[in-house]
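Student: Here it is, the structure, as C-alpha cells.
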Amino acid sequence: MFHEELIARTEIARQSLFSVPLIQNALRGNVTRANYLEFLAQAYHHVRHTVPLLMSCGARLSDDLGWLRTAIVAYIDEEAGHEEWILADIDHAGGDAAAVRRSAPSHATEVMVSYAYDGIQRRNPVVFFGMAHVLEGTSVQLASLAAETLREALDLPERAFTYLTSHGTLDIEHTKVFADLVNRFDRREDQEAVIHAANVFYRLYADVFRGIERAAA
C-alpha cells in the first residue's frame with residue numbers, strides 16, 4: 001500500500017527531525033517557558049494557513065482526484081479555528097497572544113508555509129498531503145507525551161497545553177483517514193509528489209524547531 005511506502009521512504013528525514021535537540025529536550029522536560037512560548041508562536045503562524053492551504057488544494061485538483069474534495073471539506077471543518085486555540089494557550093502560559101497575532105513568523109516558518117503554497121499552486125496540489133503527513137505524524141508521536149512532560153517541568157496549568165493535547169488525540173484519528181486517502185492515489189506522479197514533499201517538509205519543520213531554540217535563547 002502507498003501509505004506504507006510513504007513511511008518507509010521518509011524514515012531518514014523523520015528521524016532527522018526527531019533528533020533535533022529541542023525535541024529531545026522537550027521529551028525530557030528540559031526546556032524553558034520561553035522555548036514553549038516560541039513554539040506556540042511559530043505554531044500559530046503555520047496553523048493559521050491550514051484552512052487556506054486546504055482550500056487552495058481543493059480548487060486545483062484535477063477531475064480524476066475530485067473525490068478528494070469531500071475529504072478536504074471535512075478536513076476544513078476539523079481544522080477551522082485551531083490557531084485561536086494556540087493563542088489561548090499562549091495567554092494561559094503567561095505570554096502575549098495579541099503580540100503574537102501581530103507578529104511575523106520566523107524565517108524558517110515562513111519558508112515552510114511558502115513551500116506549501118508554491119507546491120500546491122505550481123507543482124501538484126497533493127503536495128499538501130506531504131505536509132499533512134509530517135505535521136500530523138509528528139503530532140501523534142510526540143505531542144501528547146511532550147505536553148504532559150512539559151506541564152510538569154514548566155509548572156503550567158493544563159489549559160496552557162490545549163493545542164498539544166488536542167492535536168495528539170485528533171491526529172490519531174486523522175492519520176487513519178489520511179492513510180485511507182493516500183492509498184487511493186493510483187498515479188505514480190501523485191505518489192512521488194507526496195513522498196518528495198514529505199521529505200522536504202521534515203527538513204523544513206526541523207529548521208523551525210532549530211529556530212525556536214535560537215530565538216528563545
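The values are calculated or read from the model by the stated rules, or taken from the named source; none is laboratory data. Worth saying up front: this structure is predicted, and the values here are computed from it rather than measured. Quick reminder, even Gly has a Cβ in these numbers, built from the backbone with ideal geometry, and neighbours come from all protein chains shown. Surface accessibility is based on the protein's heavy atoms, side chains included, excluding ligands, DNA and RNA. Shrake-Rupley method; radii C 1.70, N 1.55, O 1.52, S 1.80 Å.
Student: Among all residue pairs at least 6 apart or on different chains, which show Cβ distances below 7 Å where the first residue, located in region 42-65, is open to solvent by less than 30 Å² (accessible area, probe 1.4 Å) and the second is not in a helix (DSSP H, G or I)?
Tutor: Gln42/Pro105; Gln42/Ser106; His45/Pro105; Cys57/Pro125; Leu61/Pro125
Student: Could you please give the count of residues in region 1-31 that are open to solvent by 70 Å² or more (accessible area, probe 1.4 Å), over 28 Å from Val177 (Cα atoms) and not in a helix (DSSP H, G or I)?
Tutor: Within region 1-31, residues that are open to solvent by 70 Å² or more (accessible area, probe 1.4 Å), over 28 Å from Val177 (Cα atoms) and not in a helix (DSSP H, G or I) number 1.
Student: Ok, one more. Somewhere in region 44-64, is a residue modelled with pLDDT under 95, in a helix (DSSP H, G or I) and farther than 23 Å from Arg14 by Cα?
Tutor: Yes, region 44-64 contains a residue that is modelled with pLDDT under 95, in a helix (DSSP H, G or I) and farther than 23 Å from Arg14 by Cα.
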